[in-house]
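*Asks:* Have a look at the structure that comes next, please.
The values are calculated or read from the model by the stated rules, or taken from the named source; none is laboratory data. Nothing here was measured: the structure is a model prediction, and the numbers come from that model. Glycine also receives a Cβ, built like all others from the backbone with ideal geometry; neighbour counts cover every protein chain displayed. Heads up: the accessible areas ignore ligands, DNA and RNA and are worked out on the full protein's heavy atoms, side chains in. Shrake-Rupley method; radii C 1.70, N 1.55, O 1.52, S 1.80 Å.
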Amino acid sequence: MATLTSPAGTLTIDTFPTPGDGCLGYLVVDEASRTALAIDPRLDQVDRFVEALGSRDARLTYLLDTHTHADHLSGVRRLAQRTGATVLAHAASKLQGRARRVKGGATFELGATTVTILDAPGHTPDSLAVRLEDHLFTGDALFVGGAGRTDFMGGSAADLFDTLRAFEGLPDATVVHPGHDYVGRAVTTIGEEKAGNPLLRERDRTAFMARLSTKSAPPANMAAILRHNLAETDAATITAPELQALRQQGSGPLLLDVRSPIEFESERIEGALNVPLDALDARLDEIPEGADLVVVCRTGVRATIAAESLARSGRRARVLDGGVLAWRRASLPLREGRKRLPIDRQVQLIAGVMVLTGVGLGVAVSPWFLALAAFFGAGLTFAGATGTCGLALVLMKLPWNATRALPAEGAGAVCAAGGGAAPTCAAPTPPKI
C-alpha cells in the first residue's frame with residue numbers, strides 16, 4: 001500500500017494495488033474530519049481497507065466503483081456492510097442494490113473537502129471520475145500512457161474521445177490516479193499525459209476511434225463477475241473461527257474447494273472436496289443437493305463466484321471469508337502436500353529473465369536482441385489487458401505442473417498450523433482471480 005499526502009496536507013491517499021493484474025483501489029481520508037472515501041475496492045481487499053481505516057482512526061462515509069467492473073469482483077457492498085458507509089453509483093449504472101445515484105456535476109462533502117463527480121463514459125456507459133482538490137481518480141477512462149478499452153458491451157470510442165477532451169481541459173498539475181497500472185507507475189498528471197499519452201494527444205475523432213477498433217478477448221469469468229457486481233446482495237459468508245467451531249462440534253458443513261488441483265494438492269483444509277471453478281457446472285452431480293455447503297478458495301473471490309453459480313442451480317452455500325489465507329492467519333490446521341512454484345510466479349520468473357537477457361544482449365552484442373525483451377513485454381501487456389496468458393497455458397501442460405493422485409487421508413501428510421508465508425495461487429485458467 002502506497003500513501004500520498006496532498007500538497008495542502010488536507011488529504012491522505014492510500015493506494016491498494018493488486019499484484020499480477022494491475023488493479024488499483026484508493027482510500028481518501030480528510031485529515032481534519034477523519035472521514036474517508038473508498039474508490040474501487042476489490043472484494044479481496046475489503047479487510048485491507050478496514051485495517052487502513054482503523055490505523056488512520058477514520059470513518060468511511062462514502063464508497064463507489066468508478067464503473068461496473070468486468071475483470072474482478074467489487075467489494076463495495078461488503079465494505080458498506082462492514083462500515084455503514086453510503087454507496088454511490090452513476091445514474092447510468094444497472095446496479096440492483098441500494099445506492100445514492102450521481103452524475104456529472106454532482107458534489108458532496110468529505111469533511112471540509114468538496115468532492116466533484118465527472119461523467120467519464122467510453123470504457124462503459126456508467127463510467128465516472130472523481131475530483132478532490134487537485135487529484136483526479138479516472139477509473140478505466142485514463143491510464144498512464146493509455147486508456148480503457150471500449151469493445152465491451154456499451155463501450156464507445158466516440159464517448160471516450162469526448163471524455164479525454166474534458167480531462168485535457170483540467171490544469172496540467174492535476175494528479176491522476178488511474179484504475180489500473182500496466183506500466184509500473186500508478187500516478188501521473190494531466191500535463192504528463194497531454195505530452196506523452198498517444199490517445200490523449202490524438203485530436204482526430206475518426207483516427208482515435210480507429211485506434212480503439214480492435215476486438216480483444218474478454219476477461220476470464222466475465223459473465224459471472226458482472227452478475228456479482230450488479231447484484232443486490234453478496235453471497236453469505238462464514239469466518240474461519242466460526243467454521244472451525246462447527247467442525248469441532250461434529251456438525252461441520254461440506255467443504256467445497258474450488259481452487260485448481262495444483263493449489264489443492266499443495267495445501268488444503270482436511271476433508272474438503274476439490275471441484276475447480278472451471279469444472280463446477282460439469283460436476284454438479286458430485287455435490288449433494290440440500291447439503292450445508294461452505295465454498296473455499298485462496299481469498300474468497302473464486303468461492304464467491306462458485307457460491308453464486310450454485311445458488312442458480314438451487315444449492316445454497318456460504319463462502320469462507322478470506323479463504324485459505326484467513327484460515328492460515330487464524331492458525332488453523334492445513335494439510336500440506338507437494339509444493340510447487342505457482343504458475344503465475346513461473347510466468348513472472350521466465351518473463352523477467354527473458355527481458356533481462358534481451359536487454360543485456362541488446363547492449364553487449366546487438367540491438368536486435370532488444371526485440372526479445374519487447375516480445376515478452378508485449379506478451380505481459382496483452383495478458384494484463386485481455387486476461388489471456390499464452391505462456392501460463394503452456395506451463396500448465398508441462399510435466400512438473402501436472403497433478404498426481406492425492407494421498408489417502410492420514411497417509412504420511414503433515415498437518416501445519418499457521419506461520420509462514422502463504423503460497424501465491426494460480427487460478428485454473430489464467431489470469432488468477
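*Asks:* For region 26-57, enumerate the residues that are aromatic (F, W, Y) and within 28 Å of D151 (Cβ to Cβ).
*Replies:* Correct list: Y26 only.
*Asks:* Only residues that are surrounded by fewer than 18 Cβ atoms within 10 Å (Cβ to Cβ) and hydrophobic (A, V, I, L, M, F, W, C): list them for region 135-174, please.
*Replies:* The answer is M153, A158, A166, A173.
*Asks:* Of the residues that sit in region 112-145 and are among the aliphatic types (A, V, I, L, M) and part of a loop (DSSP other than H, G, I, E, B), which one is modelled with the lowest pLDDT?
*Replies:* Residue satisfying both the conditions and the ranking: A112.
*Asks:* Residue by residue through region 146-181, note down the ones that are assigned to a helix (DSSP H, G or I) and either of a type in the set (A, V, I, L, M, F, W, C) or in contact with a His (Cβ under 8 Å, 6 or more places away or on another chain) (or both).
*Replies:* A157, A158, L160, F161, L164, A166, F167
*Asks:* From the list T35, T61, T86, T66, which one is farther than 20 Å from R227 by Cα, among the polar types (S, T, N, Q) and open to solvent by less than 20 Å² (accessible area, probe 1.4 Å)?
*Replies:* Of the residues listed, the single one that is farther than 20 Å from R227 by Cα, among the polar types (S, T, N, Q) and open to solvent by less than 20 Å² (accessible area, probe 1.4 Å) is T35.
*Asks:* On to the next question. So which of G322, G362, G387 ends up being surrounded by 15 or more Cβ atoms within 10 Å (Cβ to Cβ) and at pLDDT below 85?
*Replies:* Exactly one residue qualifies, and that residue is G387.
*Asks:* Okay, next question. So, in region 229-269, of the ones that are among the acidic types (D, E) and closer than 16 Å to L320 by Cα, which residue ends up surrounded by the fewest Cβ atoms within 10 Å (Cβ to Cβ)? Outline the logic, then answer.
*Replies:* In the first step, residues of region 229-269 are kept if they are among the acidic types (D, E); the result is 232, 234, 242, 257, 263, 265, 267.
Of the ones still in play, those that are also closer than 16 Å to L320 by Cα are 234, 242, 257, 267.
Details: D234: 20, E242: 14, D257: 28, E267: 20.
Ranking the qualifying residues of region 229-269, first place goes to E242.
*Asks:* If D71 passes every condition in (1) in contact with a Cys (Cβ under 8 Å, 6 or more places away or on another chain); (2) loosely packed, with under 15 Cβ neighbours inside 10 Å but one, which one does it miss?
*Replies:* D71 satisfies all of (1) in contact with a Cys (Cβ under 8 Å, 6 or more places away or on another chain); (2) loosely packed, with under 15 Cβ neighbours inside 10 Å except (2).
*Asks:* Continuing with this model, one more query. Given the conditions (1) more than 27 Å from H67 (Cβ to Cβ); (2) open to solvent by 10 Å² or more (accessible area, probe 1.4 Å); (3) among the hydrophobic types (A, V, I, L, M, F, W, C); (4) in contact with a Gly (Cβ under 8 Å, 6 or more places away or on another chain), which single one is not true for A272?
*Replies:* Unmet for A272, out of (1) more than 27 Å from H67 (Cβ to Cβ); (2) open to solvent by 10 Å² or more (accessible area, probe 1.4 Å); (3) among the hydrophobic types (A, V, I, L, M, F, W, C); (4) in contact with a Gly (Cβ under 8 Å, 6 or more places away or on another chain): (4).
*Asks:* Any chance region 377-384 includes a residue that's surrounded by fewer than 14 Cβ atoms within 10 Å (Cβ to Cβ), modelled with pLDDT of 80 or more and either more than 30 Å from I238 (Cα to Cα) or in contact with a helix residue (DSSP H, G or I) (Cβ under 8 Å, 6 or more places away or on another chain) (or both)?
*Replies:* Looking through region 377-384, at least one residue is surrounded by fewer than 14 Cβ atoms within 10 Å (Cβ to Cβ), modelled with pLDDT of 80 or more and either more than 30 Å from I238 (Cα to Cα) or in contact with a helix residue (DSSP H, G or I) (Cβ under 8 Å, 6 or more places away or on another chain) (or both).
*Asks:* Would you confirm, using the coordinates I've provided, whether R56 is touching a Lys or Arg at 6+ places or on another chain (Cβ under 9 Å) and without any contact (Cβ under 8 Å) to a residue 60 or more places away in the chain?
*Replies:* Yes.
*Asks:* List, please: which pairs have Cβ atoms under 8 Å, are six or more places apart or on different chains, and start with a residue in region 185-206 that is part of a strand (DSSP E or B) and end with one that is at pLDDT 95 or above and surrounded by fewer than 13 Cβ atoms within 10 Å (Cβ to Cβ)?
*Replies:* Sorted first by the residue in region 185-206, then by its partner, the pairs are T189/D172; T189/A173.
*Asks:* Now a separate question. Would you list the helices (runs of 4 or more DSSP H) that sit entirely within region 262-366 and hold 3 or more residues that are touching a strand residue (DSSP E or B) at 6+ places or on another chain (Cβ under 7 Å), touching a residue at least 24 places away in the same chain (Cβ under 8 Å) and more than 20 Å from P19 (Cα to Cα)?
*Replies:* 301-312
*Asks:* Among the numbered criteria (1) at pLDDT 95 or above; (2) closer than 30 Å to G146 by Cα; (3) in contact with a helix residue (DSSP H, G or I) (Cβ under 6 Å, 6 or more places away or on another chain); (4) of a type outside the set (S, T, Y), which single criterion is violated by L60?
*Replies:* (2)
*Asks:* Under 8 Å between Cβ atoms, which residue pairs at least 6 apart in sequence (or on different chains) link something in region 129-155 that is within 19 Å of E31 (Cα to Cα) with a partner that is in a loop (DSSP other than H, G, I, E, B) and open to solvent by 30 Å² or more (accessible area, probe 1.4 Å)?
*Replies:* Pairs that qualify, where the first residue is within 19 Å of E31 (Cα to Cα) and the partner is in a loop (DSSP other than H, G, I, E, B) and open to solvent by 30 Å² or more (accessible area, probe 1.4 Å), are E133/A8; E133/T10; D134/P7; D134/P171; D134/A173.
*Asks:* Then there is this: Determine if region 374-395 includes at least one residue that is of a type in the set (V, I, T), over 19 Å from the mean Cα position of the chain (by Cα) and over 30 Å from L79 (Cα atoms).
*Replies:* Yes, the conditions are met somewhere in region 374-395.
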